[in-house]
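So the structure is just underneath, and the comments pick up after that.
What follows draws every value from the coordinates through simple rules; no lab data is involved. It should be emphasised that the depicted structure is a prediction, and the values quoted were computed from it without experimental measurement. Because the Cβ atoms are built from the backbone with ideal geometry, glycine has one as well, and the counts that use them run over all protein chains shown.
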Amino acid sequence: MTRIANDPADFADEALAGFCDVHADLVRQVPGGAVRRRRPARPKVAVLVGGGSGHYPAFAGLIGAGFADGAVVGNIFTSPSTQQACTVARAAETGAGVVFTYGNYAGDVMNFGLASERLAAEGIRAENVLVTDDVASAPAAEADRRRGIAGDFVVFKAMGAAAEAGLSLDEVVRIGRKANSRTRTLGTAFSGCTFPGADAPLFTLPEGHMGLGLGIHGEPGLRDVPLPSAAELGRPLVEGVLAEAPAGEGHQGRIAVILNGLGSTKHEELFVLWGTVAPLLREAGYEIVAPEVGELVTSLDMAGVSLTVTWLDEELEELWLAPAETPAFRRGAVAAASAVESADDDGGPATAVEAPPSSEASRGYAAACVAALEAASGRLAELEAELGAMDAVAGDGDHGRGMVRGAGAAVAAAREALGAGRGAGSVLAAGGDAWADRAGGTSGVLWGAGLRAWGEALGDLEVPDGAQVAAGISAFAARIAALGGAQPGDKTLVDALVPFEEELRRAVVRGEGLAEAWGGACRAAESAAAATAGLTPRKGRARPLAEKSVGTPDPGATSLAAVFAALGPAIVAATQEEVSA
């Protein structure tokens, strides 16, 4: 149970602030995360680790010499936003480029990818290295679809040491991908974790069982098996990882090993398990190099353990053994290097963007857009617990909270834009940017991008008619499809979005009034969202737990149908045809 909290919605922010205060000699907080207190005096590749909160020491605990230059920190188990990634990168960058490295989750891939594009447009070269070490989450033939779990630590360490040695951005990226290709992890859970403010864990297990193949975002294991003794547990972990040994003899039988606790598994228990794991690895002909036993990549208060093995060659072994000094991990003695105190730069953009001109009519319609977002925010607050429960069946249980945070931020930003005299398109775009920034995660970036596309289609000069509203929704759907890559049948929000967009567009073309057309589109979306209960997920965090998801509707599709139903009254009432009637 996670017991110490004020407002649970502020838990991640308050934890980061406390961490940065405790370790103020090593780190400095910036919007979206933290960076090194002392920057290198000469240009150096900035290695930026990142992901959701709840995994300490990952990610902020790894900031320091020989490791990470900064950490981009999202809400609990939620990808940080594009804006957060950009601000941390700007604060950490010293002239040699940046590389984002993170676990292979859809929200992280989208947000860090978009951040890299924005930074490149500003003249900062940015690359990405994904970690895909979880052997349970996809077969070897589909290794690029695997999750990143505790193997993050080894990949981050290798890249941090390479950057500290002065290697180029291309070389740091090469080493990161090489380390990832040689790293495998398998884990098991004994009990689920509990979100701050929640009164129950995200999942439970039958008495005397464990979940083999866990994720680090509170996901249950892929299958439940009887809880064995330490000796019986060590064998399937070792055999499962060694079965995935990379081809070739470049490692010469030398391996880095991590036995990782997930949050509530005591060190003493891990040491007992090590007594089984280490002999099995040695019997298989391996020499263990500088093993780590402890909590390195956790999942709040989850009870569980994972075994990570990296097959070393001379280059990777040197980097694995290289000195490091961070708040949570120290190895050897870091040589004194020329460094300067980090400036109090918040990493924001250098110049403000001038607002486009707007008409009085569009500003009037913008007020209706704000009212629509307020209605959606209220509806999501009502559904938060229900959406979280849906998501916890095969995911991390954060969908309801993320949607509430995103919608609330969108309302605040839209109100501010309206007060500044912005037109309807700019108000929707501002709301979308704030939604993406505050919610983070896959849903956050998709909703943010969709609202911005809707606003861009609407513009700031006209009050739309039904056809123009439908065109805005088509732009919303097209942006989400292009960004997320999901198709109907993948069990995502697209399963509700496509029927809504198609029915709205067809009804308007048939000559139906917007009120009737919007109502029909909402019914189509609601029906499609309910039908996702029978689907097997092919995208997102629920995919590795696909069978457990069958029978439960997709939370993203469910929330999308609810949001569009809530948006409807204000959007319809303010359209040109309704105002003119």
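Stretch residue 325-residue 3 to full length: gain in nm at 0.36 nm per residue minus the Cα-Cα span?
On the way: separation 322, 0.36 × 322 = 115.92 nm, distance 3.03 nm.
Extra length from residue 325 to residue 3 when fully extended: 112.9 nm.
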note = Residue-ordered couplings for the range 91-102, obtained by feeding phi - 60° into the Karplus form 6.51 cos²θ - 1.76 cosθ + 1.60 and rounding to whole Hz (Gly and Pro as x), are 6, 9, 5, 10, x, 10, x, 10, 10, 8, 9, 6
query = How big is the range 26-110 on each of its three principal axes, counting only the C-alpha atoms and giving the largest first in Å?
reply = 34, 23, 20
ask   = Per residue of the chain, what 222 nm ellipticity follows from adding -39500 (n - 2.57) for every DSSP H run with n ≥ 4, rounded to the nearest 500?
value = -15500 deg cm²/dmol
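Can you give the extra length, in nm with one decimal, that the chain gains between residue 420 and residue 227 once fully stretched, where that is 0.36 nm per residue apart less the Cα-Cα distance?
This chain segment gains 63.4 nm when fully extended.
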query = Taking only C-alpha pairs under 8 Å that are 6+ residues apart, what is the relative contact order of the range 8-326 in percent?
reply = 18 percent
note = Other residues with Cβ under 15 Å from the Cβ of residue 438 give, with Lys and Arg +1 and Asp and Glu -1, a net charge of -4
ask   = In degrees, nearest 10, range 0 to 90: what is the angle between the Cα axis of helix 106-121 and the longest Cα principal axis of the chain?
value = 80 degrees
remark   = Helix 399-419 sits off the longest principal axis of the Cα atoms of the chain, rounded to the nearest 10 on a 0 to 90 degree scale, by 50 degrees
ask   = Tell me, what does the Kirkwood hydrodynamic radius of the range 8-326 come to in angstroms if you use every pair of distinct C-alpha atoms?
value = 19.5 Å
ask   = Relative contact order, percent, of the chain when contacts are C-alpha pairs under 8 Å separated by at least 6 residues?
value = 14 percent
request  = Any chance you could give the angle, 0 to 90 degrees and rounded to 10, that helix 555-573 forms with the longest Cα principal axis of the chain?
outcome  = 20 degrees
inquiry  = If N is the number of residues in the chain, what value comes out of its Cα radius of gyration divided by 2.2 N^0.38 Å?
reply    = 0.99
task = Normalise the Cα radius of gyration of the range 360-580 by 2.2 N^0.38 Å (N = residues in it) and let me know the number.
result = 0.96
task = Please list, or write none, the lysines whose alpha carbon is within less than 22 Å of the alpha carbon of residue 539, excluding same-chain residues fewer than 8 places away.
result = 491, 548
key: GluC sites (Glu not before Pro) lying in DSSP loop within the range 131-234, provided at most 13 other Cβ fall within 10 Å   = 207
note = Per the charge dipole of the range 8-326 (beta-carbon charges, Lys/Arg positive, Asp/Glu negative, Cα centre), the residue among 153, 281, 208 reaching farthest to the positive end is 153
task = Step through the residues of the range 45-59 one at a time and calculate ³J(HN,Hα) from phi using the Karplus curve (6.51 cos²θ - 1.76 cosθ + 1.60, θ = phi - 60°), rounding each to whole Hz and writing x for Gly and Pro.
result = 4, 8, 8, 10, 8, x, x, x, 6, x, 10, 3, x, 5, 10
message = Starting from a Cα-only point model with no solvent, please compute log10 I(q)/I(0) by Debye for the range 69-147 at q = 0.17, 0.24, 0.27 1/Å.
response = -0.66, -1.07, -1.25
query = Expressed as a rounded percentage, what relative contact order does the range 200-283 have, with Cα pairs under 8 Å and six or more residues apart?
reply = 25 percent
key: Residues residue 170 and residue 382, FRET efficiency given R0 of 41 Å [Cβ-Cβ distance, rounded to 0.05]   = 0.25
request  = Show the residues, 5+ positions off or on another chain, whose built amide H is closer than 5 Å to the amide H of residue 94.
outcome  = 44, 46
Dipole moment magnitude, nearest 20 debye, the range 224-283 about Cα centre, only Lys, Arg, Asp, Glu C-beta charged = 180 debye
Dipole of the chain, positive direction: furthest Cα of 172, 261, 92, with charges on the beta-carbon = 172
Rounded to the nearest 20 debye, dipole of the range 12-159 from Cβ charges on Lys, Arg, Asp, Glu = 520 debye
query = Amide H to amide H under 5 Å from residue 137: which residues, 5+ apart in sequence or cross-chain, H placed 1.01 Å off N in plane?
reply = 147
task = Calculate one ³J(HN,Hα) per residue across the range 267-284 by plugging θ = phi - 60° into the Karplus curve 6.51 cos²θ - 1.76 cosθ + 1.60, and present them in order as whole Hz with x for glycine and proline.
result = 4, 4, 5, 5, 5, 4, 5, 4, x, 9, 5, 4, x, 5, 5, 5, 4, 7
remark   = Which residues qualify? For residue 203, with a placed amide H closer than 5 Å and at least 5 residues away or on another chain, they are 192, 193
inquiry  = Working only with C-alpha atoms, what are the Rg and Dmax values of the range 47-186, expressed in angstrom?
reply    = 13.7, 40
